[in-house]
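J.: Have a look at this one before I ask anything.
The values are calculated or read from the model by the stated rules, or taken from the named source; none is laboratory data. Since the model is a prediction, treat every value here as computed from it, not as a measurement. Heads up, the Cβs are rebuilt from the backbone with ideal geometry, glycines too, and the neighbour counts pull from every protein chain shown. In case anyone asks, the SASA skips ligands and DNA or RNA and just uses the protein heavy atoms, side chains included. Shrake-Rupley method; radii C 1.70, N 1.55, O 1.52, S 1.80 Å.
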Amino acid sequence: MAHFPERRSLSRRLKPYFTVFDPALSLILFLLLCVGLVTLSSAGHDFPGRLEGQMRNILAAFVFMWVAAIVPPQTLLRLAVPVYTFGVALLLAVAAVGTIKKGARRWLHVGVDIQPSEIMKIAAPLMLAWYFQTRAGLLKWQSFVVAAVLLGIPFGLIAKQPDLGTALLVGGSGFYVIFLAGLSWKALGALFVAGCAALPVAWSMMHDYQRERVMTLIDPTSDPLGKGFHIIQSTIAIGSGGVSGKGYMKGTQAYLEFIPERTTDFIFSVYSEEFGLVGNLVLLFLYLLLIGRAMMIAANAPNLFTRLLAGAIAMMFFTYAFINMGMVSGILPVVGVPLPFMSYGGTALITLGLCSGILMSIQRHRKLVQT
């Protein structure tokens, strides 16, 4: 009996570490992961161990999400500059002594091969949110120029590897922070016009395989057995699903192995073929709930830093889903972006887990401030 108070005291001390998860966000993530595992079990029927590997990836992402949810936003604010600096240093190391695979220098060997560009998906918006927090109330047009430079450094280093897909995600996540910080619509319009004017220059600077992807998007039938094979087979799978789909594990495009990368970038094709338009609407609804919950957390965040960071993460979720669904549907070039919480893979899932944990930390500490 004498030990009961100590046990109650220990449980009281540990309780905050087990109540860090936002119930609404956790439920949405759980549903998306369940849909992903069900689809992966069908898409990866001829990939032994793929389902078990994804479950290990989910466990690792859960651990990272839990850690991020525990860390208070004030600590994230202090870590912003060191994490960004470390990430840029790794990208410079990749440019100098990185490992080359399939013609791209994207990896750094440190006992195992790591891809430092993944760090910048979080480090870039974290750094920019810190920068605007330090400039709160003092923003001038020069502030946005400095922010653009801070974003342009990792964007340029990643694009040079070349890794256009990751560069777009990093650039997008950083741009959302700049936009939410108060970038005027006039400036946004000017950037759009300048971007359109720079298209010929950008085209001349693109690698051959990147130009081929754009031309394949315009006319995939020009090389149906080569560069256009991915898009053609993917759109056939999506269209053949019809309204209600062919049924679970009854997708012929997947089971006859016509869909390439069907457990990773093109898993949406498998899902669409098996569950049809109805299934797609359900999946879109889940992503809308995810983005909406993240935006709600951003709107209720206690300060500028947390509002910008949460808003950027919400739009990052949107960017992942939009680019992936767009490229497998044939309306965007294939750039190798996974479908969030569904595609097989450890690195991207851990990154998404960290982002979800940061959202939970922002929401939790808002409640603590209010109480």
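J.: With the condition kept exactly as written, say whether any residue in segment 325-335 is under 12 Å from the mean Cα position of the chain (by Cα), within 20 Å of residue 36 (Cβ to Cβ) and open to solvent by less than 10 Å² (accessible area, probe 1.4 Å). Walk me through it before giving the result.
T.: At the first step, the residues of segment 325-335 found to be under 12 Å from the mean Cα position of the chain (by Cα) are none.
Checking segment 325-335: not a single residue is under 12 Å from the mean Cα position of the chain (by Cα), within 20 Å of residue 36 (Cβ to Cβ) and open to solvent by less than 10 Å² (accessible area, probe 1.4 Å).
J.: Spot the failing condition for residue 96; the list is (1) modelled with pLDDT of 85 or more; (2) surrounded by 11 or more Cβ atoms within 10 Å (Cβ to Cβ), and only one is missed.
T.: (2)
J.: Answer with yes or no whether residue 271 is of a type in the set (Ser, Thr, Tyr), open to solvent by 70 Å² or more (accessible area, probe 1.4 Å) and in contact (Cβ under 8 Å) with a residue 24 or more places away in the chain.
T.: Details: of a type in the set (Ser, Thr, Tyr): yes; open to solvent by 70 Å² or more (accessible area, probe 1.4 Å): no; in contact (Cβ under 8 Å) with a residue 24 or more places away in the chain: yes.
Against the criterion (of a type in the set (Ser, Thr, Tyr), open to solvent by 70 Å² or more (accessible area, probe 1.4 Å) and in contact (Cβ under 8 Å) with a residue 24 or more places away in the chain), residue 271 does not qualify.
J.: Let me ask you something else. Could you list all residues from segment 245-277 that are at pLDDT 90 or above and either part of a helix (DSSP H, G or I) or among the polar types (S, T, N, Q) (or both)?
T.: Of everything in segment 245-277, those that are at pLDDT 90 or above and either part of a helix (DSSP H, G or I) or among the polar types (S, T, N, Q) (or both) turn out to be 267, 268, 269, 270, 271, 272, 273, 274, 275, 276, 277.
J.: Right, here's the next one. Would segment 157-169 turn up any residue that is open to solvent by 30 Å² or more (accessible area, probe 1.4 Å), modelled with pLDDT under 85 and touching a Leu at 6+ places or on another chain (Cβ under 6 Å)?
T.: no
J.: Search segment 227-244 for residues being part of a loop (DSSP other than H, G, I, E, B) and either closer than 18 Å to residue 335 by Cβ or in contact (Cβ under 8 Å) with a residue 40 or more places away in the chain (or both), and hand back the single one that is most open to solvent (accessible area, probe 1.4 Å).
T.: 227
J.: Continuing with this model, one more query. Give segment 107-126 a look and list any residue that's in contact (Cβ under 8 Å) with a residue 60 or more places away in the chain and not in a helix (DSSP H, G or I), or say none.
T.: Once the filter is applied, which keeps residues that are in contact (Cβ under 8 Å) with a residue 60 or more places away in the chain and not in a helix (DSSP H, G or I), segment 107-126 yields only 115.
J.: If residue 293 satisfies every condition in (1) among the basic types (Lys, Arg); (2) outside any helix (DSSP H, G or I); (3) open to solvent by less than 60 Å² (accessible area, probe 1.4 Å) but one, which is the exception?
T.: Result: residue 293 passes all but (2).
J.: Further, regarding this structure: Residues 204, 184: which one is open to solvent by 40 Å² or more (accessible area, probe 1.4 Å), over 24 Å from the mean Cα position of the chain (by Cα), of a type in the set (S, T, N, Q) and under 28 Å from residue 338 (Cα atoms)?
T.: 204 is the lone residue from the list that is open to solvent by 40 Å² or more (accessible area, probe 1.4 Å), over 24 Å from the mean Cα position of the chain (by Cα), of a type in the set (S, T, N, Q) and under 28 Å from residue 338 (Cα atoms).
J.: Let me ask something else about it. Failed condition for residue 293, given (1) under 30 Å from residue 236 (Cα atoms); (2) at pLDDT 95 or above, with all others met?
T.: (1)
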